[in-house]
Amino acid sequence: MDHLPRFTAAAVQAAPVYLDPAATVDKAVGLIAEAAAAGAELIVFPEVFVPGYPYWNWTMNPVQGSPWFERLQRSAVDVPGPHVDRLREAARRHGVVLVIGVNERSPRSLGILYNTLLTIGPDGALLGVHRKLVPTWAEKLTWTGGDGSSLKVHQTPVGPLGALACGENTNTLARFTLLAQGELVHASCYIALPVAPADYDMADAIAVRTAAHSFEGKVFSVVACSTVSPEIVDTLAGDDEELRGLFTRPRSALSGIFGPDGRPVTEPLVDEEGIVYAEIDLARCIQPKQMHDIVGHYNRFDVFRLHVDDRPRTPVTFASDAPGAAAPLPAEPLRPDAAGPLKEDS
């Protein structure tokens, strides 16, 4: 690569307008404009930013949470669809590369929702639709897992860009799959998790995972995490003081930008809404790779081999869709006794 980009990245730490996709997209569009005005060429938003995270999976039993699943399904995003079109237009208008998380509604089944990351180019092209491979723990009550077809690195003006959602950044093989495709910029998208076990520090967990990927791969990581707004607390906790205390737990979110040495490029943002900016110079990835290049000289591909099944998975396969399938038989003429009139009644 003759030219290694140098650019400003922005990590957005914000709360959605909970379960309101149109208002959340409005908020995202405003934040895109703000970050672009500050010089950002890459803008990363949190996991499932549109229209929010199903916290009820952690605080209610499945029966209590089922009506909330319906609310989320009704407010989820169609890909493609009008909400995605607005995000694409915002990226095109400001000439930025955009990564943003959405709850994606399946066109095939009312019971399927995906935790999806959209990657959009500066011309508004939808470059990637990555569905989280394995929903984490309680999330399995809401999301269906994706497949390997979306584990792709995209060639963008800010460099080779990959993206993973939250706990996927713990998945060594998923991360290696991106690194092995030449990833130099990694988008890590998270949600604030105040409902985690009491001994779990989400801010530390995000920092450790982000530093690990940056250091192992000698790449830059832009990590964006959501926050829990008072509106979300009121919606989900109501008058339950124990739940209200849980949702306002500190150190539940961290956003920032980490360099190929595993260190933050600038001070990360913890818990509060805001945008973290930093300059990324991809030339800084060269010298560290001379020491440890785990997708090159610092590996033994005669010993280790990773096979990735990148075929899209669908619930049904039709024989007529197979390569070399015989031409379909001509349609049978409509019988006189078939339902519906053949001609206007006289």
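Heavy atoms only, probe 1.4 Å: what % of the accessible area of the stretch 1-160 goes to carbon and sulfur, would you let me know? Before the final figure, lay out each step's value.
Numbers: 3260 of 6190 Å².
Here carbon and sulfur together make up 53 percent of the probe-accessible area.
Quick one: how many lysine pairs does the chain have with C-alpha atoms less than 24 Å apart and a gap of 8 or more or different chains? Give me the count, please. Spell out each step's value before the answer.
On the way: LYS27/LYS132; LYS132/LYS140; LYS132/LYS152; LYS132/LYS218; LYS140/LYS152; LYS152/LYS218; LYS152/LYS289; LYS218/LYS289.
The result is 8.
So, for the stretch 1-82, what is the accessible surface per residue at a probe of 1.4 Å, expressed in square angstrom?
Values: 3150 Å² over 82 residues.
On a per-residue basis, the stretch 1-82 sits at 38 Å².
State the antiparallel share, in %, of DSSP beta bridges confined to the stretch 130-237, rounding to the nearest 5.
Counting only bridges with both partners in the stretch 130-237, antiparallel ones make up about 20 percent.
For the chain, what does the equivalent ellipsoid look like in terms of its semi-axes, each the square root of 5 times an eigenvalue of the Cα gyration tensor, given largest first in whole Å? Could you put the intermediate results ahead of the total?
Values: eigenvalues 260, 160, 83 Å².
Rounded to whole Å, the semi-axes are 36, 28, 20.
Got the relative contact order for the chain handy, in percent, Cα pairs under 8 Å and 6 or more residues apart? Each step should come with its number before you reach the end.
Values: 708 pairs, mean separation 64.9, N = 346.
Value for the chain: 19 percent.
Would you be so kind as to identify which of GLN287, VAL265, ALA253 lies farthest towards the positive end of the dipole of the stretch 250-290, taking Lys and Arg as +1 and Asp and Glu as -1 on Cβ and the Cα centre as origin?
About the Cα centre, the residue reaching furthest to the positive side is GLN287.
Among VAL223, VAL25, VAL12, determine the one that fluctuates most according to a GNM of the chain built with springs between C-alpha atoms less than 10 Å apart.
Ranking VAL223, VAL25, VAL12 by mean-square fluctuation puts VAL25 first.
Hey, what angle do you get for helix 82-94 against the long axis of the chain, alpha-carbon based, 0 to 90 degrees rounded to 10?
40 degrees
Counting DSSP beta bridges in the stretch 29-187, what percent are antiparallel, to the nearest 5? It would help to have the intermediate numbers written out before the result.
On the way: 16 of 24 bridges.
DSSP beta bridges in the stretch 29-187 are roughly 65 percent antiparallel.
Roughly how many Å² of LEU133 are accessible to a 1.4 Å probe, to the nearest 10?
40 Å²
Counting helices only, and only those DSSP H runs with n ≥ 4, report the 222 nm mean residue ellipticity of the chain as the sum of -39,500 (n - 2.57) divided by its residues, in deg cm²/dmol to the nearest 500.
Working: 9 runs with 92 residues, N = 346.
For the chain, the value works out to -8000 deg cm²/dmol.
Once the whole set of protein chains is in place, how much accessible area is left on MET291, using a 1.4 Å probe, in Å² to the nearest 10?
Rounded to the nearest 10, the figure is 130 Å².
Give me the 1.4 Å probe accessible area per residue for the stretch 171-259, excluding ligands and nucleic acids, in Å². Each step should come with its number before you reach the end.
On the way: 3050 Å² over 89 residues.
Each residue of the stretch 171-259 exposes 34 Å² on average to a 1.4 Å probe.
Compute the angle between helix 21-37 and the longest alpha-carbon principal axis of the chain, please, reported from 0 to 90 degrees and rounded to the nearest 10.
It is inclined by approximately 40 degrees.
Would you calculate the convex hull of the Cα atoms in the stretch 18-107 and tell me its volume per residue in Å³?
Numbers: hull volume 8.0 nm³, N = 90.
That works out to 89 Å³ per residue.
With the other protein chains left in place, how much accessible area per residue, in square angstrom, belongs to the stretch 271-317 at a 1.4 angstrom probe? Walk me through the numbers on the way to the answer.
Working: 3740 Å² over 47 residues.
Solvent-accessible surface per residue comes out at 80 Å².
Cut-off 10 angstrom, C-alpha nodes, Gaussian network model of the chain. Which of ARG131, ARG175, ARG305 fluctuates the most?
Of ARG131, ARG175, ARG305, the Gaussian network model singles out ARG305 as fluctuating most.
Take every DSSP beta bridge with both residues inside the chain and express the antiparallel ones as a percent of the total, to the nearest 5. Mind showing how you got there, number by number?
On the way: 30 of 51 bridges.
Within the chain, antiparallel bridges account for around 60 percent of the total.
Specify the angular offset, from 0 to 90 degrees and rounded to the nearest 10, of the alpha carbon long axis of helix 62-74 from the longest principal axis of the alpha carbons in the chain.
80 degrees
Hey, any idea what % of the stretch 215-332's accessible area is carbon plus sulfur with a 1.4 Å probe?
Values: 4190 of 7610 Å².
Ligands and nucleic acids excluded, carbon and sulfur give 55 percent.
With every protein chain left in place and a probe of 1.4 Å, what is the accessible surface of THR59, to the nearest 10 Å²?
That residue has around 40 Å² of solvent-accessible surface.
The values are calculated or read from the model by the stated rules, or taken from the named source; none is laboratory data. Since the model is a prediction, treat every value here as computed from it, not as a measurement. Methodologically, a virtual Cβ is constructed for each residue, glycine included, from the backbone with ideal geometry; neighbour enumeration extends over all protein chains shown. Remember, those area values only see protein heavy atoms, side chains included, never the ligands or the DNA or RNA. Shrake-Rupley method; radii C 1.70, N 1.55, O 1.52, S 1.80 Å.
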